[in-house]
Amino acid sequence: VQLQASGGGLVQAGGSLRLSCAASGSISSINAVGWYRQAPGKQRELVARILSGGSTNYVDSVKGRFTISRDNARNTVYLQMNSLKPEDTAVYYCNAERRFGFESWGQGTQVTVSS
């Protein structure tokens, strides 16, 4: 499975961005897709995750502001980010959890929120 992340950029606080994660390859082997982020000097953290059955979960800091969704026809998972805060600044990565414990990572996309 190959993942292509896009959609990052520079936005003012309170603004919105939508990240996209396009998957190719053995799509049927994917059990879940997650968006992670890593800020300078911090550990990578899971931001949002969507399972193959459609259920979702979010880290507390983004609940009510971020929404993860998917378009099966396009093999793409989105992360809609609203009401962005400076502390959301990070490199965002998408990750696919696959059968038998394998996983795939996309390249990061930078999100910068100015105050």
field: Subset of region 1-19 (residues that are farther than 12 Å from THR109 by Cβ, part of a loop (DSSP other than H, G, I, E, B) and touching a Gly at 6+ places or on another chain (Cβ under 9 Å))
entry: VAL1
- prompt: Say we look at region 84-115 and pick out the residues that are in contact with a helix residue (DSSP H, G or I) (Cβ under 8 Å, 6 or more places away or on another chain) and of a type in the set (Lys, Arg); which of these is farthest from ARG70 (Cα to Cα)?
  reply: ARG99
message: I need the full set of residues from region 78-90 which are touching a residue at least 60 places away in the same chain (Cβ under 8 Å), surrounded by 14 or more Cβ atoms within 10 Å (Cβ to Cβ) and not polar (S, T, N, Q), in order please.
response: TYR78, LEU79, MET81, LEU84, LYS85
task: Take VAL62 and decide whether it is within 18 Å of GLN107 (Cβ to Cβ) and among the hydrophobic types (A, V, I, L, M, F, W, C).
output: no
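Values in this text are rule-based calculations from the coordinates and carry no lab data. Nothing here was measured: the structure is a model prediction, and the numbers come from that model. Note that we place each Cβ from the backbone using ideal geometry, even for glycine, and neighbour counts take in every protein chain shown.
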